[in-house]
Amino acid sequence: MSEIFESVGKIQYEGADSKNALAFHYYDPERMIMGKPMKEHLPFAMAWWHNLCATGVDMFGRGSADKSFGAKEGTMEHAKAKVDAGFEFMEKLGIEYFCFHDVDLVPEADDIKETNRRLDEISDYMLEKMKETNIKCLWGTANMFGNPRFMNGAGSTNSADVYCFAAAQIKKALDLTVKLGGKGYVFWGGREGYETLLNTDVKFEQENIARLMRMAVAYGRSIGFTGDFYIEPKPKEPMKHQYDFDAATAIGFLRQYGLDKDFKMNIEANHATLAGHTFQHDLRISAINGMLGSIDANQGDSLLGWDTDEFPFNVYESTMCMYEVLKNGGITGGFNFDAKTRRPSYTKEDMFAGYILGMDTFALGLIKAAELIEDGRIDDFIRERYLSYQSGIGAKIISDSTSLEELSAYAERLGAPDLPGSGRQEYFEGVVNQILFH
Ligand code: XLS
Ligand code: CA
Ligand code: CA
């Protein structure tokens, strides 16, 4: 078969001094970090939608990138050309996983039966490629936000008929995920939210979303899906308010509706920052609840208030992300580049540049996070900071063997406590810089 990305060969690691634009400068797959090769710490995934479908269309203009890959768009030939392009692309970068929405794979037909037939056909073709290349599926999902029928949401829609179409898409997307051996299944609640409370029954909508998720779990398990279901939190966009606002909200929802054993979080950097958190915050909240499942590796722009889905270049953020991941003992999911090149970066080489940037940024983050942990100053300080709970009255508090009366009597005996020790924030911010730039 002829190459689609003729001008680009296999991307090699050339080191930090190389000026070759089509080489890795930090991602060295076999380099050992904390006892494991980099590529095992960083199971990278390609997002079908951005990489193979998105052309740079925005509210003010047509697409700038040609993603036809030599076929007529809207046809099954094009769907197959995208498979060819995707697998060539992943092989050239050494990416071992992909993520997909149902409608990324084939043009959606007017009748769902025909769409499903097309999905069967394309997934057969994908399976062949997967066998040839050993590339795997990280997660699948159903796009329940693009079609106008989902204008009021999918699980949260006011229309029972539309709800059935959401159910049908989830069922098929789960079939595909299992067929392709996917490790996870994502619910991103794009339109599960509201524009105004003047027309919305929030409690009813949330209960219906939970029902849909419970049915998805029951069906998934019945067809042999043993992986994790994920909620991918996002506070807004496209809706003004989305129910899965952030990790803490989504975890509370899962616990309320008895879904917490089957679900984990898929944390996207740009969504965390839209919620007014750092990326690290949502990772930490997920991790301490045993729900850090997978990561959508991208970044936003602090000057823009929307979901820009940029390729990650911020090493401070990737370091803090990898610090959380290492502390979590790794993740069962992977690092999906839910990212797109900027509209003026429309060439095939730009597609590679985006992934090289993202992979190098996370490789650097991994190297630096390991150094932070091996350096030990931060961990030591955090341990010391809470030492007052290791003995005396503190030990009584954390063993739940005291009462407000006893604590109050203790406080009265003391009269006034010493100030807690300094938080030393500036010093530790300096430690991070020292590690990042030595
Ligand atoms: C959109 C989301 C979406 C999910 C999958 O903001 O990031 O792409 O990852 O539906
Ligand atoms: Ca996003
Ligand atoms: Ca995402």
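Once you've got the GNM for the chain with C-alpha springs shorter than 10 Å, pick whichever of ASN147, ASN158, ASN208 has the biggest mean-square fluctuation.
ASN147
Starting from 0.36 nm per residue, how many nanometres of slack lie between GLN425 and ALA160 once their C-alpha separation is accounted for?
Numbers: separation 265, 0.36 × 265 = 95.40 nm, distance 5.28 nm.
Full extension from GLN425 to ALA160 adds 90.1 nm.
Most mobile of GLN256, GLN12, GLN425 per a Gaussian network model of the chain (Cα springs, under 10 Å)?
GLN425
Does the stretch 20-148 come out rounded, prolate or oblate, given a ≥ b ≥ c as the square roots of the eigenvalues of its C-alpha gyration tensor, rounded meaning a/c under 1.5 and, failing that, prolate meaning a/b above b/c?
On the way: a/c = 2.07, a/b = 1.61, b/c = 1.28.
Note, shape of the stretch 20-148 comes out prolate.
Under a 10 Å cutoff between Cα atoms, tell me which one of ILE231, ILE378, ILE393 has the largest fluctuation in the Gaussian network model of the chain.
ILE393
Count the DSSP beta bridges whose two residues both fall in the chain, then state the antiparallel fraction as a percent rounded to the nearest 5. Can you show the working numbers first?
Values: 6 of 34 bridges.
If we restrict to bridges inside the chain, about 20 percent are antiparallel.
Mind checking which lysines have their Cα closer than 16 Å to the Cα of LYS179? Skip sequence neighbours fewer than 8 apart in that chain.
LYS129, LYS131, LYS136, LYS171
Give the span of the stretch 80-226's Cα atoms along each principal axis, as three whole-Å numbers ordered largest to smallest.
Dimensions of the stretch 80-226 along the principal axes of its Cα atoms: 53, 30, 28 Å.
Can you give me the orientation-averaged projected area of the convex hull built on the Cα atoms of the stretch 15-94, in nm²? If you can, show how the numbers build up before the last one.
Values: hull surface 30.3 nm².
The orientation-averaged projected area of the Cα hull of the stretch 15-94 comes to 7.6 nm².
Please list, ordered by chain and number, the residues whose modelled amide H lies under 5 Å from the amide H of LYS67; skip anything fewer than 5 residues away on the same chain.
Correct list: empty.
Using a/c under 1.5 as the rounded threshold, could you call the chain rounded, prolate or oblate? The axes a ≥ b ≥ c are square roots of the C-alpha gyration tensor eigenvalues, and prolate needs a/b larger than b/c, oblate otherwise.
Details: a/c = 2.09, a/b = 1.33, b/c = 1.57.
Because a/c hits 1.5 or more and a/b fails to exceed b/c, the chain counts as oblate.
Testing the spin-label approximation: label points 7 Å from Cα along Cα→Cβ at PHE437 and ARG31. State their distance in nm.
Those two pseudo-labels are separated by 2.0 nm.
What does the accessible area per residue of the chain come to in Å², with a 1.4 Å probe and no ligands, DNA or RNA counted? It would help to have the intermediate numbers written out before the result.
Numbers: 20920 Å² over 438 residues.
For the chain, the per-residue accessible area is 48 Å².
Kirkwood hydrodynamic radius (Cα pairs, Å) of the stretch 287-335?
Details: mean 1/r = 0.0838 Å⁻¹.
Mean inverse Cα-Cα distance, inverted, gives 11.9 Å.
Where a ≥ b ≥ c are the square roots of the eigenvalues of the C-alpha gyration tensor, would you call the stretch 135-190 rounded, which needs a/c under 1.5, or, failing that, prolate if a/b is larger than b/c, or oblate?
On the way: a/c = 3.10, a/b = 2.23, b/c = 1.39.
Taking the square roots of the gyration eigenvalues as a ≥ b ≥ c, the stretch 135-190 is prolate.
How much mean residue ellipticity at 222 nm does the chain get from its helices, if each DSSP H run of length 4 or more adds -39500 (n - 2.57) and you divide by all residues, to the nearest 500 deg cm²/dmol? Please list the in-between numbers first.
On the way: 15 runs with 196 residues, N = 438.
That calculation yields -14000 deg cm²/dmol at 222 nm.
Excluding ARG342 itself, calculate the net charge of residues whose Cβ lies under 13 Å from the Cβ of ARG342, where each Lys or Arg counts +1 and each Asp or Glu counts -1.
Values: positive: LYS340, ARG343; negative: ASP58, ASP301, ASP309, GLU310, ASP350.
So the surrounding residues net to -3.
Straight-line reach from LYS67: which lysines have a Cα under 18 Å away, not including same-chain ones fewer than 8 places off?
LYS80, LYS82, LYS92, LYS340, LYS348
Pop out the ³J(HN,Hα) list for the stretch 141-150 in order, Karplus 6.51 cos²θ - 1.76 cosθ + 1.60 with θ = phi - 60°, rounded to Hz; leave Gly and Pro as x.
Values, residue by residue: 7, 10, 7, 10, 9, x, 5, x, 4, 8 Hz.
Considering the stretch 299-426, what Rg and Dmax in Å follow from its alpha-carbon atoms?
Using the Cα atoms of the stretch 299-426, the pair Rg, Dmax is 22.8, 73 Å.
Measure off, as a whole percent, the carbon and sulfur share of the 1.4 Å-probe accessible area of the chain, all protein chains present. Can you show the working numbers first?
Numbers: 11190 of 20920 Å².
Result for the chain: 53 percent of the exposed heavy-atom area is carbon or sulfur.
The values are calculated or read from the model by the stated rules, or taken from the named source; none is laboratory data. Quantities reported herein were computed from a predicted structural model and do not represent experimental measurements. Counting neighbours? That spans all protein chains shown, and the Cβs are built from the backbone with ideal geometry, glycine included. What goes into the accessible areas is simple: the full protein's heavy atoms, side chains included, and nothing from ligands, DNA or RNA. Shrake-Rupley method; radii C 1.70, N 1.55, O 1.52, S 1.80 Å.
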